[in-house]
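The values are calculated or read from the model by the stated rules, or taken from the named source; none is laboratory data. What you are looking at is a predicted structure, and each value in this text was computed from that prediction instead of being measured. Here the Cβ positions follow ideal geometry from the backbone for every residue, glycine too, while neighbour counts run over all protein chains shown.
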Amino acid sequence: MKKILVTGATGQIGSELTLVLRDQYGAENVIAAAYNRRSSTELPESGPFYGIDVRDTDSIEQIVADHRCDTIFHLAALLSAVAEDRPQEAWDINMNGLINVLEASRKHRCSVFFPSSIGAFGPGTPANDTPQDTMQRPTTIYGITKVSGELLCDYYYRRFGVDTRGLRYPGLISSKVLPGGGSTDYAVEIFYAALTARHYDCFLSAETQLDMMYMPDAIDAAIRLMNADNNTLRHRNAFNVTAMSFTPAKLAAEIQKHIPDFTIAYAIDPVRQAIASSWPRHMDDSAARAEWGWQPRFDLAAMVRDMLEKIAVKIQNG
Ligand code: VAH
């Protein structure tokens, strides 16, 4: 990776990944692109930045050609709950954005990172120790775009030799940026509520168990996968990766170890509950561990400690 384009750079993953890449590869070598150009001041100030719609084929190709990019982290997408609200738009952005990136990569010989998700699985998938290779019949539009994206990336690799690689991310927890409309957003909101109101009304039920990951591990996984030796990869799109698996009740209990008067109640949102209930509880990520050395650093206790520390500072600084 020498010249990198990040789409969706102001989103949940992009806001942090872009800065880490700029640190590692030099700010001028990491081009940030986002639909919402005003949602970040840090990115335009720290390196090249473009306001683009990923559905616009020409602007993607232009940036890739102008900067001679060799790698694209294609993060622009609508998340699960928003997608369920606007399914036609979700298909348009998630699929047409991806095909534009794959086409630009075919023409300009770029490698592509595609973030898939536990959402690429469905109710018929084994929910515990979900295998790397298993049944994928998602029931949400988000999941349909993710499994289609995995297949399209594999197709571009086989048919055109485009070096596509992907991860099936679990719910991602970040101290920096709020997620925008996912079904696992509770696992971020809960920290702000715990530190301010000492109470949180959770939109998923107490026993909804899902895979989760702290953002520093998610970023590390993406960079590590893109740097992995091609010859060691048996799978490509996309690898199961997880760092922890918990329920809202278990997360609340861990927070209570630090804030004993914190309370949680449940005000279930039927849409997000139905989405989360269709996903696996715990994936088997042994293929990622064996093929490119995946190894998370943060478990539940370490993540909660770090989140509480960082968000307390953020709240204090207004
Ligand atoms: C979403 N956070 O709900 C994402 C995700 C774990 C699921 O991919 O959209």
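Given the structure, is Trp292 under 16 Å from Ser116 (Cα atoms) and not assigned by TED's automatic domain parsing to the domain that holds Phe114? So Trp292 fails the test. Against the list (1) within 16 Å of the ligand (Cβ to nearest atom); (2) closer than 23 Å to Leu308 by Cβ, the condition Thr139 fails is (2).
When the strands (runs of 3 or more DSSP E) confined to the stretch 1-53 are screened for residues that are more than 16 Å from the chain's Cα centre (by Cα) and assigned by TED's automatic domain parsing to the domain that holds Ser105, those reaching at least 3 such residues are found at 30-34, 49-51.
When restricted to residues that are touching a His at 6+ places or on another chain (Cβ under 8 Å) and not charged (D, E, K, R), the stretch 116-135 contains 4. In the stretch 10-33, what residues are farther than 17 Å from Ala221 by Cα, at pLDDT 95 or above, touching a strand residue (DSSP E or B) at 6+ places or on another chain (Cβ under 9 Å) and not polar (S, T, N, Q)? Matches in the stretch 10-33: Val30, Ile31, Ala32, Ala33.
Yes or no, residue by residue, for (1) surrounded by fewer than 18 Cβ atoms within 10 Å (Cβ to Cβ); (2) among the polar types (S, T, N, Q); (3) on the phi < 0 side of the Ramachandran plot; (4) free of Cβ contacts under 8 Å to residues at least 24 places away in the same chain:
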residue	(1), (2), (3), (4)
Gln24	yes, yes, yes, no
Ala27	yes, no, yes, yes
Val30	no, no, yes, no
Thr41	yes, yes, yes, yes
Pro44	yes, no, yes, yes
Asp53	yes, no, yes, yes
Ile60	no, no, yes, no
Arg68	yes, no, no, no
Leu75	no, no, yes, no
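Would it be correct to say that Ala81 is in a strand (DSSP E or B), farther than 21 Å from Cys153 by Cβ and either outside the structural domain of Leu178 (by TED's automatic domain parsing) or touching a residue at least 24 places away in the same chain (Cβ under 8 Å) (or both)? Judged against the criteria, Ala81 is not a match.
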